[in-house]
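Written out below as structure tokens is the structure these notes cover.
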Amino acid sequence: MLLNGVVLAVNYALIALGITLIFSIMNILNFAHGQMFMIGGFVVYYLYGLFGVNYFASLVAVVAVLGVIGWCFEKFFFQRMRKMATREENSMLLAVGTALLLENLALSFFGEKQRGVPPVVSGVFKIGDAFLPAGRLLVMVLALVLIVGLLLFVQYTKLGRALRALAQDREVTYLMGVNVDRIAALGFALGAALAGLAGGLLMTVFGINSGVGTVYSIKAFIMIMIGGAGIVPGAILGAVVLGFAEAIGYALLPGSITYLLIFVGLIVFLLFRPQGLMGKPWG
Amino acid sequence: MDQATDNRCPATAGEAGGSLFSWQALGFTGFLLLVFVGVPVTFGRLPYFITVLTNAAVLSFISLGVWITFSIGRMNLAQGAFALVGGYVTAILATRYGISFWVCLPLSGLVSAVLGALIGWPMLRLKGVYFAMTTLSLTEAIRLLALNGGDVTKGATGIVNVPPPGTIWIFGRMVVPPFSSADPMPYYFLAAGMLALGLVAVWRLSNSRLGWVFRSLRQNEDLATSIGINVAKYRVMAFSLCCFMAGTGGAFFVAFQQNIYPSTYTVADSVNFLLYCFLGGLDYLFGPIVGAFLLVISFELLHAIQDYQALIYGALMIFCMLCLPNGILSLRLRRFDGRRNPKA
């Protein structure tokens, strides 16, 4: 149960990091994040599950596909929108529109069936009294590696510095000679790729269908609301909280009551701390 | 402090309201004539088309609620949740306790409004995307609640065979004949009546002091607080009004379709309500109505593309956002006035 919690938490952290990245850089909430997760899962399903491509090669393909989608969204939709928006609701509605579009494209192309893939590695590890299938361990390790890699990238590379600068102050970043439009598109692509990677990883454990997008978007929202929107450690913390809550809830309670309780808990939590655990007070 | 707001409102209202008022009065009279005389005469023999119009009327009634929350500057994605609440209240009361639909209808609205006020009070402290995220989660939460409601909501099987609205007797006289599921005409009149009432109410509201208070909340809550407006009170008021409309709309659909399931209103429906408002134009009272009628009717007429309805909705939303960010009505006003419409 707790091990399941760890597996979930680590993967959720990937999702939460992706959405946080996009949110902090562009102040856009990516409503299509869950849909990107879903597309990542489908890329793995087709490449690895159907055509027998190496699993790790398909993960690379996921990054490429989602990166292009994210880049196009930023380039063709959001950049245009920012230049002509009159009300702040517009960019939010645009994001909702992209989610709707992606979800229904997926429905038309991939159908409604639940899809799964054969396990990447077989075998079971016994840790204490608990059994951990090797597949889950692999997913967990890969996700951990990705998270650490991302944090190092954002902290120490030139591009990462530009991304952080953009998140702090747009105008000053312009002044420092950074090509803001390009960096923003890159950030969006990176966020989308993270969502897709999480999809490609969790796909091997839970399978996927065209309808999961909204569910995962909502999970991503919950995580960043728990942790505080736009804050990297907050996103990880939120993922840990949600991952364990879900794992424990599913083990002890029947069906969808777990999420009902999580929602109720969230609303009560926001009553006392609307800015999340680590967010700064605002408004 | 209060004087400052009172002095400011009539002055601004007089300046911008003059042309706005006559435009809207003219439009509204035409609308009433069209709805209560034109449509029954023209389409009275086409029950299918009447059904479509009924759908569009109540959908735009519900969207009008979303429009109110837009006017206080919040993007409300919970409208589907409150429509579901209203629908279940009517379905449960009508099937289990045999209470007349005419009592259930306002009661459903009331339950939704109270629930909206209770949930809205903490939730409305959130702004922008935070509010949108929470309301989106709420839509999902209420759906799960209905799914896990056990004997009360009957879970995934839903509540079926809800009796249609019955007769109203006043002083021994039959004022409203009983509805039957075979004839959509009474439903149409009820829907049109609801829409007309809702429209008048929201129109009066947006031209009154309250409407100006709501708009001031959208522009700057801190400033509104500083001139003595009780921000928390007014935003809860706007939100529960919006929930009231969702509740009554949901109750109507239960009577119209005679069933309700947890999946009757999902996140996609909440998004559609936003889309109707947005397509028509957020700055115009008629925006949600134009948007809903246009989309619902055009999709009913184009049977061939119905499978792709949601896909086209998504594409349309993005297209509008990029090419027509102020909605369809902004086109018309710009042409007639010869100037761009004001932002506020």
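Table for the structure above
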{"quantity": "Test result for A:Gly265, within 13 Å of chain B (Cβ to nearest Cβ), over 16 Å from the mean Cα position of the chain (by Cα) and more than 24 Å from A:Cys72 (Cα to Cα)", "calculated": "yes"}
{"quantity": "Output for the range A:136-165, where each listed residue is over 19 Å from the mean Cα position of the chain (by Cα) and within 21 Å of A:Phe23 (Cβ to Cβ)", "calculated": "A:Gln155, A:Thr157, A:Leu159, A:Arg161, A:Ala162, A:Ala165"}
{"quantity": "Complete set of residues in the range B:115-136 that are modelled with pLDDT of 80 or more, of a type outside the set (S, T, N, Q) and under 21 Å from A:Leu100 (Cβ atoms)", "calculated": "B:Phe131, B:Ala132, B:Met133, B:Leu136"}
{"quantity": "Hey, A:Gly49 in contact (Cβ under 8 Å) with a residue 40 or more places away in the chain, more than 14 Å from every other protein chain (Cβ to nearest Cβ), surrounded by fewer than 22 Cβ atoms within 10 Å (Cβ to Cβ) and within 26 Å of A:Val180 (Cα to Cα) or not", "calculated": "no"}
{"quantity": "Hits in the range A:167-191 - residues which are among the acidic types (Asp, Glu) and at pLDDT below 80", "calculated": "A:Asp169, A:Glu171"}
{"quantity": "Close pairs (7 angstrom Cβ cut-off, 6 or more residues apart or separate chains): within 7 Å of chain A (Cβ to nearest Cβ) and farther than 17 Å from A:Gly265 by Cβ in the range B:127-155, small (Gly, Ala, Ser) and outside any helix (DSSP H, G or I) anywhere", "calculated": "B:Lys127/A:Gly283; B:Leu147/A:Ser256"}
{"quantity": "Filter result for B:Thr139 (at pLDDT below 85, part of a helix (DSSP H, G or I) and under 20 Å from the mean Cα position of the chain (by Cα))", "calculated": "no"}
{"quantity": "In the range B:75-97, the residues that are farther than 26 Å from A:Leu93 by Cβ and in contact (Cβ under 8 Å) with a residue 12 or more places away in the chain", "calculated": "B:Tyr88, B:Val89, B:Thr90, B:Ala91, B:Ile92, B:Leu93, B:Ala94, B:Thr95"}
{"quantity": "The range A:13-43, residues that are crowded, with 21+ Cβ neighbours inside 10 Å and over 23 Å from A:Gly243 (Cα atoms)", "calculated": "A:Ile25, A:Met26, A:Ile28, A:Val43"}
{"quantity": "Residue check, B:Ala113 away from chain A (no Cβ under 11 Å), assigned to a helix (DSSP H, G or I), over 26 Å from B:Tyr276 (Cα atoms) and of a type in the set (A, V, I, L, M, F, W, C)", "calculated": "no"}
{"quantity": "Within the range B:255-269, tally of residues that are in a helix (DSSP H, G or I), touching a helix residue (DSSP H, G or I) at 6+ places or on another chain (Cβ under 8 Å) and closer than 22 Å to B:Ile92 by Cβ", "calculated": "3"}
{"quantity": "So A:Met36, is it at pLDDT 85 or above and within 23 Å of A:Ala229 (Cβ to Cβ)", "calculated": "yes"}
{"quantity": "Long-range neighbours under 9 Å by Cβ, at least six apart or interchain, first residue more than 10 Å from chain B (Cβ to nearest Cβ) and within 21 Å of A:Leu186 (Cα to Cα) within the range A:69-89, second modelled with pLDDT under 85 and surrounded by fewer than 16 Cβ atoms within 10 Å (Cβ to Cβ)", "calculated": "A:Glu74/A:Asp181; A:Lys75/A:Asp181; A:Gln79/A:Asp181"}
{"quantity": "The lone exception for A:Ser210 - which of (1) at pLDDT 80 or above; (2) closer than 22 Å to A:Leu102 by Cβ it fails", "calculated": "(1)"}
{"quantity": "Any pair with Cβ under 8 angstrom, 6 or more apart, that starts in the range B:201-214 at a residue that is more than 13 Å from B:Leu64 (Cβ to Cβ) and ends at one that is of a type in the set (Phe, Trp, Tyr)", "calculated": "B:Asn207/B:Phe21; B:Leu210/B:Tyr234; B:Val213/B:Tyr234; B:Phe214/B:Tyr234"}
{"quantity": "Number of the exception - B:Ala224 against (1) in contact (Cβ under 8 Å) with a residue 24 or more places away in the chain; (2) assigned to a helix (DSSP H, G or I); (3) surrounded by 16 or more Cβ atoms within 10 Å (Cβ to Cβ)", "calculated": "(1)"}
{"quantity": "Filtered residues of the range B:280-294 (kept if in a helix (DSSP H, G or I), surrounded by fewer than 24 Cβ atoms within 10 Å (Cβ to Cβ) and either in contact with a Cys (Cβ under 6 Å, 6 or more places away or on another chain) or touching a residue at least 40 places away in the same chain (Cβ under 8 Å) (or both))", "calculated": "B:Phe293"}
{"quantity": "Some residue of the range A:220-228 being modelled with pLDDT under 80 and either within 12 Å of another protein chain (Cβ to nearest Cβ) or out of contact with any helix residue (DSSP H, G or I) (no Cβ under 9 Å at 6 or more places or on another chain) (or both)", "calculated": "yes"}
{"quantity": "Residue among A:Val10, A:Val60 that alone is among the β-branched types (Val, Ile, Thr), buried (at least 22 other Cβ atoms within 10 Å of the Cβ) and more than 22 Å from A:Glu103 (Cα to Cα)", "calculated": "A:Val10"}
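Okay, residues lined up against (1) within 14 Å of chain B (Cβ to nearest Cβ); (2) in a helix (DSSP H, G or I):
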{"site": "A:Ala99", "(1), (2)": "yes, yes"}
{"site": "A:Met140", "(1), (2)": "no, yes"}
{"site": "A:Ala167", "(1), (2)": "no, yes"}
{"site": "A:Thr173", "(1), (2)": "no, yes"}
{"site": "A:Gly177", "(1), (2)": "no, no"}
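Condition check ((1) in contact (Cβ under 8 Å) with a residue 60 or more places away in the chain; (2) of a type outside the set (S, T, N, Q); (3) within 14 Å of another protein chain (Cβ to nearest Cβ); (4) farther than 28 Å from B:Asn230 by Cα) across all residues:
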| position | (1), (2), (3), (4) |
| --- | --- |
| B:Pro40 | yes, yes, no, yes |
| B:Asn55 | yes, no, no, yes |
| B:Trp67 | yes, yes, yes, no |
| B:Gly73 | yes, yes, yes, no |
| B:Ser100 | yes, no, no, yes |
| B:Ile119 | no, yes, yes, no |
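The values are calculated or read from the model by the stated rules, or taken from the named source; none is laboratory data. As the structure is a prediction and not an experimental result, all values here were calculated from the model. When we count neighbours, we look across all protein chains shown, and the Cβ atoms used for this are built from the backbone with ideal geometry, even at glycine.
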